[in-house]
Amino acid sequence: MMTKEELLQSVRPLVREAQIVPFDEIDFSEAVRESCRQNYCGRYATSWACPPAVGTPSECREKFADCTHALFFSTVHLLEDSFDLEGMEEGKKAHTQAEDEIARLCGVPRSRVLGAQSCNLCAKCTYPDSPCRFPDRCRITVEACGISVVELCSRTGMKYCNGENTVTYFSLIFLD
(Lines give C-alpha, C1' and ligand atoms only; values in the text may rest on other atoms or scores of the structure.)
Protein backbone atom coordinates (compact mmCIF):
# COMPACT_ATOMS: atom_id res chain seq x y z
CA MET A 1 0.00 0.00 0.00
CA MET A 2 1.33 3.44 -0.96
CA THR A 3 1.78 6.22 1.53
CA LYS A 4 -0.08 9.47 0.85
CA GLU A 5 3.12 11.12 -0.38
CA GLU A 6 3.91 8.18 -2.69
CA LEU A 7 0.38 8.38 -4.08
CA LEU A 8 0.71 12.11 -4.75
CA GLN A 9 4.08 11.56 -6.45
CA SER A 10 2.69 8.76 -8.63
CA VAL A 11 -0.25 10.84 -9.92
CA ARG A 12 1.68 14.09 -10.53
CA PRO A 13 2.59 13.22 -14.16
CA LEU A 14 -1.12 12.72 -14.95
CA VAL A 15 -2.60 15.85 -13.35
CA ARG A 16 -2.09 19.58 -12.89
CA GLU A 17 -2.64 19.53 -9.12
CA ALA A 18 -3.49 16.89 -6.52
CA GLN A 19 -4.15 16.95 -2.79
CA ILE A 20 -5.14 14.41 -0.17
CA VAL A 21 -8.23 15.59 1.72
CA PRO A 22 -9.32 14.07 5.04
CA PHE A 23 -12.83 12.65 4.69
CA ASP A 24 -14.09 14.75 7.61
CA GLU A 25 -13.18 17.93 5.69
CA ILE A 26 -15.43 17.09 2.72
CA ASP A 27 -18.82 18.78 2.97
CA PHE A 28 -21.79 17.02 1.37
CA SER A 29 -24.17 19.96 1.02
CA GLU A 30 -27.81 20.29 0.08
CA ALA A 31 -27.03 23.86 -1.11
CA VAL A 32 -24.70 22.49 -3.82
CA ARG A 33 -27.44 20.17 -4.97
CA GLU A 34 -29.68 23.17 -5.57
CA SER A 35 -27.77 23.85 -8.80
CA CYS A 36 -28.64 20.32 -9.90
CA ARG A 37 -32.31 21.01 -9.28
CA GLN A 38 -31.97 24.14 -11.44
CA ASN A 39 -31.08 21.65 -14.21
CA TYR A 40 -28.55 23.84 -16.03
CA CYS A 41 -26.95 20.76 -17.59
CA GLY A 42 -30.28 19.20 -18.55
CA ARG A 43 -29.60 15.89 -16.79
CA TYR A 44 -31.50 16.29 -13.51
CA ALA A 45 -33.87 13.34 -13.00
CA THR A 46 -32.80 11.77 -16.31
CA SER A 47 -29.92 9.52 -15.25
CA TRP A 48 -28.86 7.04 -12.59
CA ALA A 49 -25.69 9.15 -12.26
CA CYS A 50 -27.51 12.38 -11.37
CA PRO A 51 -29.82 13.58 -8.63
CA PRO A 52 -32.20 12.49 -7.37
CA ALA A 53 -31.09 8.94 -8.33
CA VAL A 54 -27.69 9.21 -6.59
CA GLY A 55 -29.38 9.88 -3.25
CA THR A 56 -29.36 12.85 -0.93
CA PRO A 57 -26.07 14.47 0.09
CA SER A 58 -26.43 12.69 3.46
CA GLU A 59 -26.86 9.34 1.72
CA CYS A 60 -23.85 10.08 -0.50
CA ARG A 61 -21.79 10.92 2.60
CA GLU A 62 -22.84 7.64 4.20
CA LYS A 63 -21.85 5.74 1.04
CA PHE A 64 -18.23 6.88 1.49
CA ALA A 65 -18.17 7.07 5.31
CA ASP A 66 -15.79 4.11 5.61
CA CYS A 67 -13.12 6.12 3.78
CA THR A 68 -10.51 8.05 5.73
CA HIS A 69 -9.49 10.45 2.97
CA ALA A 70 -9.84 11.27 -0.72
CA LEU A 71 -7.56 12.22 -3.57
CA PHE A 72 -8.72 15.49 -5.13
CA PHE A 73 -7.09 16.35 -8.45
CA SER A 74 -7.39 18.51 -11.54
CA THR A 75 -6.34 18.51 -15.15
CA VAL A 76 -6.08 21.65 -17.29
CA HIS A 77 -6.66 21.80 -21.02
CA LEU A 78 -5.90 24.57 -23.51
CA LEU A 79 -8.70 25.93 -25.68
CA GLU A 80 -8.59 27.95 -28.89
CA ASP A 81 -11.01 30.41 -27.26
CA SER A 82 -13.74 30.43 -24.62
CA PHE A 83 -16.24 29.00 -27.14
CA ASP A 84 -14.11 25.99 -28.10
CA LEU A 85 -16.65 23.27 -27.29
CA GLU A 86 -14.66 20.66 -29.19
CA GLY A 87 -11.59 21.47 -27.09
CA MET A 88 -13.65 21.23 -23.92
CA GLU A 89 -14.91 17.80 -24.98
CA GLU A 90 -11.37 16.64 -25.80
CA GLY A 91 -10.30 17.91 -22.38
CA LYS A 92 -13.09 15.95 -20.69
CA LYS A 93 -12.01 12.78 -22.46
CA ALA A 94 -8.37 13.28 -21.46
CA HIS A 95 -9.43 14.01 -17.87
CA THR A 96 -11.57 10.86 -17.78
CA GLN A 97 -8.64 8.78 -19.05
CA ALA A 98 -6.42 10.20 -16.31
CA GLU A 99 -9.19 9.57 -13.78
CA ASP A 100 -9.47 5.91 -14.84
CA GLU A 101 -5.71 5.44 -14.72
CA ILE A 102 -5.49 6.98 -11.25
CA ALA A 103 -8.38 4.84 -9.97
CA ARG A 104 -6.52 1.73 -11.22
CA LEU A 105 -3.32 2.97 -9.60
CA CYS A 106 -5.21 3.46 -6.32
CA GLY A 107 -6.87 0.07 -6.67
CA VAL A 108 -10.36 1.44 -6.16
CA PRO A 109 -13.58 0.51 -7.95
CA ARG A 110 -15.47 2.99 -10.13
CA SER A 111 -18.01 3.40 -7.31
CA ARG A 112 -15.33 5.24 -5.26
CA VAL A 113 -14.70 7.82 -8.01
CA LEU A 114 -16.57 11.09 -8.48
CA GLY A 115 -15.63 12.73 -11.73
CA ALA A 116 -15.97 15.77 -13.91
CA GLN A 117 -18.72 14.56 -16.17
CA SER A 118 -21.94 12.70 -15.71
CA CYS A 119 -22.27 9.20 -17.07
CA ASN A 120 -22.58 8.87 -20.82
CA LEU A 121 -22.04 5.12 -21.25
CA CYS A 122 -25.51 4.58 -22.73
CA ALA A 123 -27.10 6.53 -25.57
CA LYS A 124 -30.28 6.62 -23.44
CA CYS A 125 -30.22 5.97 -19.71
CA THR A 126 -32.72 3.45 -18.33
CA TYR A 127 -33.63 5.85 -15.49
CA PRO A 128 -36.19 5.59 -13.91
CA ASP A 129 -37.85 2.63 -15.63
CA SER A 130 -35.16 -0.05 -15.33
CA PRO A 131 -31.99 -0.59 -13.30
CA CYS A 132 -28.71 0.84 -14.55
CA ARG A 133 -27.17 -1.41 -17.22
CA PHE A 134 -23.63 -0.81 -15.95
CA PRO A 135 -23.75 0.03 -12.22
CA ASP A 136 -20.06 -0.88 -11.81
CA ARG A 137 -19.04 1.61 -14.54
CA CYS A 138 -21.54 4.42 -13.92
CA ARG A 139 -19.92 7.88 -13.70
CA ILE A 140 -21.18 10.28 -11.02
CA THR A 141 -19.96 13.87 -10.71
CA VAL A 142 -18.53 15.51 -7.62
CA GLU A 143 -21.38 18.04 -7.53
CA ALA A 144 -24.09 15.38 -7.92
CA CYS A 145 -23.18 14.22 -4.41
CA GLY A 146 -23.43 17.77 -3.07
CA ILE A 147 -19.69 18.48 -2.92
CA SER A 148 -18.53 21.95 -3.94
CA VAL A 149 -15.43 21.88 -6.15
CA VAL A 150 -14.95 25.60 -5.50
CA GLU A 151 -14.93 25.00 -1.73
CA LEU A 152 -12.51 22.06 -2.04
CA CYS A 153 -10.19 24.22 -4.15
CA SER A 154 -10.29 26.93 -1.50
CA ARG A 155 -9.70 24.41 1.30
CA THR A 156 -6.76 22.70 -0.46
CA GLY A 157 -5.18 25.73 -2.15
CA MET A 158 -5.76 24.28 -5.61
CA LYS A 159 -6.59 26.63 -8.49
CA TYR A 160 -10.17 26.61 -9.75
CA CYS A 161 -9.37 28.82 -12.76
CA ASN A 162 -6.13 28.34 -14.65
CA GLY A 163 -6.11 31.26 -17.04
CA GLU A 164 -7.69 32.49 -20.20
CA ASN A 165 -8.55 29.91 -22.86
CA THR A 166 -8.26 26.95 -20.53
CA VAL A 167 -10.74 24.53 -19.00
CA THR A 168 -10.06 22.78 -15.69
CA TYR A 169 -11.69 19.50 -14.67
CA PHE A 170 -11.73 17.97 -11.17
CA SER A 171 -12.22 14.51 -9.69
CA LEU A 172 -12.36 13.05 -6.21
CA ILE A 173 -11.36 9.46 -5.45
CA PHE A 174 -12.31 8.11 -2.03
CA LEU A 175 -9.63 6.00 -0.36
CA ASP A 176 -9.41 3.78 2.72
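The values are calculated or read from the model by the stated rules, or taken from the named source; none is laboratory data. Given the structure is predicted, the values throughout are model-derived calculations rather than measurements. Backbone-built Cβ (ideal geometry, glycine too); neighbour counts: all protein chains shown. Surface accessibility is based on the protein's heavy atoms, side chains included, excluding ligands, DNA and RNA. Shrake-Rupley method; radii C 1.70, N 1.55, O 1.52, S 1.80 Å.
Lysine pairs in the chain with alpha-carbon atoms under 23 Å apart, 8 or more places apart or on different chains: how many are there?
Here the count comes out as 6.
How much accessible surface area, in Å² rounded to 10, belongs to the heavy atoms of residue 43 with a 1.4 Å probe?
Approximately 70 Å² for this residue.
Only sites in a loop by DSSP and with at most 10 other Cβ atoms within 10 Å count here; which trypsin sites (Lys or Arg not before Pro) in the range 1-35 make the cut?
For trypsin sites (Lys or Arg not before Pro) across the range 1-35 that sit outside H, G, I, E and B with at most 10 neighbouring Cβ atoms in 10 Å, the list is empty.
Using a Gaussian network model on the chain with a 10 Å cutoff between Cα atoms, which of 132, 36, 50 fluctuates the most?
132
So, in nm, how far is label residue 31 from label residue 90 when the simple model puts each one 7 Å beyond its Cα toward the Cβ?
Inter-label distance under the simple model: 3.8 nm.
Using only the Cα atoms of the chain, what are the Rg and Dmax in Å?
Both quantities, over Cα of the chain: 15.7, 45 Å.
Give me the distance between the Cα centres of the range 1-33 and the range 111-154, rounded to whole Å.
Cα centroid of the range 1-33 versus Cα centroid of the range 111-154: 18 Å apart.
Using a 1.4 angstrom probe and counting only protein chains, how large is the accessible area of residue 124 in Å², to 10?
Here the residue's solvent-accessible area equals roughly 150 Å².
Could you check the spin-label model distance between residue 68 and residue 130? Points 7 Å from the Cα along Cα→Cβ, value in nm.
4.3 nm
Taking only protein heavy atoms and a 1.4 Å probe, what accessible area per residue, in Å², does the chain have with all protein chains in place?
Value for the chain: 55 Å² per residue.
Of all accessible surface on the chain at a 1.4 Å probe, what whole percent is carbon and sulfur?
Using a 1.4 Å probe with all protein chains present, the chain comes out at 50 percent carbon and sulfur.
Which order do you get for 147, 140 if you rank them by accessible area with a 1.4 Å probe, largest at the top?
140, 147
Only Lys, Arg, Asp and Glu count, each charged at its Cβ (+1, +1, -1, -1), so figure out the dipole size of the chain about its Cα centre, rounded to 20 debye.
Result for the chain is approximately 440 debye, rounded to the nearest 20.
State which stretch of the chain is the longest one without any exposed chymotrypsin sites (Phe, Trp or Tyr not before Pro), exposure meaning a DSSP loop state and at most 14 other Cβ atoms within 10 Å.
In short, 84-159.
So what is the calculated 222 nm ellipticity per residue for the chain, using -39500 (n - 2.57) for each DSSP H run with n of 4 or more, over all residues, to the nearest 500 deg cm²/dmol?
-9000 deg cm²/dmol
Which is the longest stretch in the chain that no exposed loop site breaks, taking sites as GluC sites (Glu not before Pro) with a DSSP loop state and at most 13 other Cβ atoms within 10 Å?
Longest run free of exposed loop sites: 81-163.
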